[in-house]
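Student: Quick one: the structure is below, and I'll ask about it shortly.
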Amino acid sequence: MKVTADRIKEIALKQFAKNGYEGASLADIAAEVGIKKQSIYTHFKGKDDLFLELFDHVTAKEINFAVDYLDRYRDRAIDQLLYGFLIQYQDCYEKDDNTKFFLRVAFFPPSHLYEVIVKEGYRYLDTLKTMLISVFDQAIAEGSISPDVSSEVATVAFLAVLDGMFVELLFGGAELSLKRIEASWFVYWRGIKK
């Protein structure tokens, strides 16, 4: 079997998602791929190059997940759309190394790559914020949420609920995350519904 950059990235993604930047080593990645460590340098300049290429790819996938979800379920009631987004994201974290990698890196970036990671993280958040503001604008126009809550405030508060879920996924796991989702969603929805 010919080893390709894609196979290296596939194994590296699992390693970085599980062990973080510091815990993943090129030697371990190479061993799992079935090559010598030096062979990785045929495809990547080093660990940082491999890591950043993966992060760019994973960030794009996370943005695509949000775009696809919000497009696919745009006809749902706003509360079902938003609550479903939280549950779907939790499910992605449990089943998808891309989401695990993205969240781990976004919350615990390697210090020497901090600026690059934060910039990409904000690109993701800005994209999500823009999409959600549009969703809330429509909900306000339809009278689905309180006119006392601006689409900007509703979006920022929803992102805080999402962040809380992400933190609990990273530290407490799915069961505790679901409790956090349910409690924060209950309070959040009561605050914005009409």
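Student: Which value, in debye to the nearest 20, gives the size of the charge dipole of region 68-161 about its Cα centre, when Lys and Arg are +1 and Asp and Glu are -1 at the Cβ? Working shown, then result.
Tutor: Numbers: 9 positive and 15 negative charges, 51 e Å.
Using Cβ point charges on Lys, Arg, Asp and Glu, region 68-161 gives about 240 debye.
Student: In the chain, which helices (entire DSSP H runs) extend 20 Å or more along their own long axis, judged by Cα positions, while averaging at least 1.0 on the Kyte-Doolittle scale? Walk me through the numbers on the way to the answer.
Tutor: On the way: long enough: 5-23 (21 Å, -0.78); 47-72 (37 Å, -0.21); 78-95 (25 Å, -0.19); 114-142 (41 Å, 0.21); 151-171 (30 Å, 1.68); 174-192 (26 Å, 0.12).
Helices meeting the criterion: 151-171.
Student: Now for a separate question. How large a share of the accessible area of region 88-178, in percent, is made up of carbon and sulfur atoms when the probe is 1.4 Å and the other protein chains stay in place?
Tutor: The computed percentage sits at 54.
Student: Separate question: How far is it, in nm, from the label point at Lys95 to the one at Val67 when both lie 7 Å from their Cα along the line to the Cβ?
Tutor: With each label point 7 Å from Cα toward Cβ, the separation is 2.2 nm.
Student: Keeping every protein chain present and rolling a 1.4 Å probe, give me the accessible area per residue for the chain in Å².
Tutor: On the way: 10400 Å² over 194 residues.
With the other protein chains kept in place, the chain gives 54 Å² per residue.
Student: While we're on this one: Let's test the formula: R0 of 30 Å, r as the Cβ-Cβ distance of Gln80 and Glu32. What FRET efficiency results, to the nearest 0.05?
Tutor: Details: r = 41 Å, r/R0 = 1.37.
Using R0 = 30 Å, I get an efficiency of 0.15.
Student: Separation of region 18-55 and region 125-148 by C-alpha centroid, Å?
Tutor: 41
Student: Which residue, Asp75, Asp97, Asp48, tops the fluctuation ranking in a GNM of the chain built on C-alpha contacts under 10 Å?
Tutor: Result for the chain, Cα springs under 10 Å: Asp75 fluctuates most.
Student: Longest exposed-loop-site-free stretch of the chain, with chymotrypsin sites (Phe, Trp or Tyr not before Pro), DSSP loop and at most 16 other Cβ within 10 Å? Don't skip to the end; give the middle numbers.
Tutor: Values: sites that count: Tyr41, Tyr73.
Result for the longest clean stretch: 74-194.
Student: Ok, one more. Assuming R0 = 35 Å, what is the FRET efficiency of Tyr122 and Ser150, from their Cβ-Cβ distance, to the nearest 0.05?
Tutor: Working: r = 21 Å, r/R0 = 0.60.
It comes out at approximately 0.95.
Student: Hey, what did region 1-156 get for relative contact order, percent, Cα under 8 Å, at least 6 apart?
Tutor: 24
Student: Let me test this: with uniform point scatterers at the alpha carbons of the chain, what is the Debye-based log₁₀ I(q)/I(0) at q = 0.12, 0.13, 0.18 1/Å?
Tutor: One equal scatterer on each Cα of the chain leads to -0.65, -0.73, -1.17.
Student: Something else: Multiplying the sequence separation of Asp163 and Ser111 by 0.36 nm and subtracting their Cα-Cα distance, what value in nm do you get?
Tutor: On the way: separation 52, 0.36 × 52 = 18.72 nm, distance 2.09 nm.
That works out to 16.6 nm of additional length.
Student: Turning to a different aspect of this structure: Between Ala174 and Trp189, how many nm apart are label points set 7 Å from Cα along the C-beta direction?
Tutor: Using points 7 Å along Cα→Cβ, the separation is 2.1 nm.
Student: Let me ask something else. Counting Lys and Arg as +1 and Asp and Glu as -1, what is the net charge of the other residues whose Cβ lies under 14 Å from the Cβ of Ile192?
Tutor: On the way: positive: Arg190, Lys193, Lys194; negative: Asp79, Asp137, Glu142, Asp148, Glu152.
Residues near Ile192 contribute -2 overall.
Student: As a test of the formula, what do you get for the chain when each DSSP H run with n ≥ 4 contributes -39,500 (n - 2.57) and the sum is divided by the residue count, at 222 nm and rounded to the nearest 500 deg cm²/dmol?
Tutor: Details: 9 runs with 155 residues, N = 194.
Estimated from H runs of four or more residues: -27000 deg cm²/dmol.
Student: GluC sites (Glu not before Pro), restricted to region 1-63: which are DSSP loop and have at most 15 other Cβ atoms within 10 Å? Numbers along the way, then the final one.
Tutor: Working: sites: Glu10, Glu22, Glu32, Glu53, Glu62; in loops: none.
Hits after loop and neighbour filter: nothing returned.
Student: Decide, for region 64-111, between rounded, prolate and oblate: order the square roots of the alpha carbon gyration tensor eigenvalues as a ≥ b ≥ c, take rounded if a/c falls under 1.5, and otherwise choose prolate if a/b is larger than b/c, else oblate. Don't skip to the answer; put the middle values down first.
Tutor: On the way: a/c = 2.60, a/b = 2.48, b/c = 1.05.
In terms of gyration-tensor shape, prolate.
The values are calculated or read from the model by the stated rules, or taken from the named source; none is laboratory data. None of these values were measured; they are calculated from a predicted model. Don't worry about glycine lacking a Cβ; one is built from the backbone with ideal geometry, like all the others, and counts go over all protein chains shown. In case anyone asks, the SASA skips ligands and DNA or RNA and just uses the protein heavy atoms, side chains included. Shrake-Rupley method; radii C 1.70, N 1.55, O 1.52, S 1.80 Å.
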